[in-house]
Amino acid sequence: RKIARNKIHNQPDDDSAQPQPRVSGIFIHPVKSLRPVALSETKFDTHGLVGDRRLMIVRPLPTPLYGHFMDGEATHRFLTQRQSPSLATVDATEPITLDSSKTLIKLSSSLVTDDEHVTINVHPSAVKSFPIRYLAGVWNDVIQVADVGDEAAAFMSKVVCKDDPNFKDVRVVSVMQSSERRVDELYCPDAARVGILGSLPQGGLTDGFPILVATQASLDELNNRLLLKGKKELPISRFRPNIVINNTLKPFDEDNWKAIQIGQESDAVILHIAKGCPRCKQSCTDQLTGERGDEPLETLAEFRALGKNDEDVYFAQNAVLNGDGSIWSSGRYKGVIKLGDPVTILTRGDPVWDSETVQAE
């Protein structure tokens, strides 16, 4: 098995002759599988970028044959664009804090009338006050979440029922400050472990890791191949990254990154690359209309099938924050990143892909 901490070496000497890599995009997704929000700068907390994927859509699971849910067993299951591509039509605004107990996001969609929208208070104190709790399944993990209310559920039901009327039972839930879901130990670099006990970092409501890093050069390479086939270019939103970096050495240079520094001096942030990100049919979903096609999976299969089978294609890299306790304060990471920040490749090594066939759902 290839583990991220193996075969690490310093960056090549010729990096200094290249243009300085810089941050060209910063994105959060306030609600998992809804549209992204572009930012000019961001901070981090224990769940990743502040405000990223703190809410998600779930459906109740059927009662087990033995008549009840066991302790620790998921009662609900996450719903994403994989099952409901219409989620791509829903805007979720950047969380705006109005006072000490109110942080609001607004949901709206082109599939419902202009005057139909819903506002959700996602302030930690508000989330803590929501009375209904679930155990929600996200892939193989279970995480405790809070139901944010009937109004949000009714709004999302109108959208997802465009795909399947059985989705009318959806609920909107939020991660809580006390919620725990750790990243996969198999792929977590040692330097990302947190505290004196070396705890695994939090994964929150993401598919597996709190931060996704992509590069413009890799997108350009993919789009060049699409154009040669007479197909349209695709935007970076198809891959739902958090951080986009330009001026890299070559397309997919990020495959070999092990640690990168973004920014300079006291605000600098160090990220450790965990493993490549396998792509699913969600990347084939237009992030404005919800329409689904064959690309980019068809073209990526021609040169990025790097997993256990030909269907496991990769684009972008999962990352985690440096785990040094001295740069954490009250659950917040002291660094900040901004558009245009310089990116330094600290160490390189062998790429890491999934050791097992990637799940599909």
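The values are calculated or read from the model by the stated rules, or taken from the named source; none is laboratory data. These numbers come from a predicted model, not from an experiment. No Cβ is skipped: glycine too gets one built from the backbone with ideal geometry, and neighbour counts run over all protein chains shown. Calculation scope for accessible area: heavy atoms of the full protein, side chains included, ligands and nucleic acids excluded. Shrake-Rupley method; radii C 1.70, N 1.55, O 1.52, S 1.80 Å.
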Using alpha-carbon coordinates, inclination of helix 216-228 to the longest axis of the chain, degrees: 80 degrees
Positive-end extreme of charge dipole, the range 167-206 - chosen from Gly198, Ser178, Phe167 (charges on Cβ): Phe167
The range 267-361: C-alpha pair distances exceeding 21 Å, %: 51 percent
Relative packing of 124-132, 248-256, which averages over residues the other C-beta atoms within 10 Å, highest first: 248-256, 124-132
Debye intensity ratio I(q)/I(0), log10, the range 112-217, q values 0.15, 0.22, 0.24 Å⁻¹ (C-alpha model): -0.82, -1.19, -1.26
Additional length obtainable on full extension of the chain from Ile132 to Ser178, 0.36 nm per residue less Cα span: 15.1 nm
Segment Glu41-Glu291, extension gain: residue separation times 0.36 nm, minus the distance between their alpha carbons: 87.0 nm
Debye intensity ratio in log₁₀ form over the Cα atoms of the range 198-289, taken at each q of 0.11, 0.19, 0.22, 0.23 Å⁻¹: -0.39, -1.06, -1.31, -1.38
Residues of the chain: accessible area per residue with a 1.4 Å probe, Å²: 46 Å²
Carbon and sulfur %, accessible surface of the range 71-170 computed with the full protein complex present, 1.4 Å: 50 percent
Given charges at Cβ of Lys, Arg, Asp, Glu: the range 29-118 dipole, positive-most of Pro62, Ala92, His117: Pro62
Radius of gyration and maximum dimension Dmax of the range 68-159, Cα, Å: 14.7, 43
Apportionment of accessible area to carbon and sulfur, the range 237-361, percent (1.4 Å): 44 percent
Electrostatic dipole magnitude of the chain [Cβ: Lys, Arg +1; Asp, Glu -1; Cα centre; debye, to 20]: 320 debye
Pairwise label distance in nanometres, Thr75 with Phe303, each label 7 Å out on the Cα-Cβ vector: 5.0 nm
The chain: C-alpha pair distances exceeding 25 Å, %: 54 percent
Lysines with Cα under 27 Å of Lys162, excluding same-chain neighbours fewer than 8 positions away: Lys32, Lys106, Lys232, Lys281
Residue-averaged [θ]222 nm for the chain, counting only DSSP H segments that reach four residues, each worth -39500 (n - 2.57): -3000 deg cm²/dmol
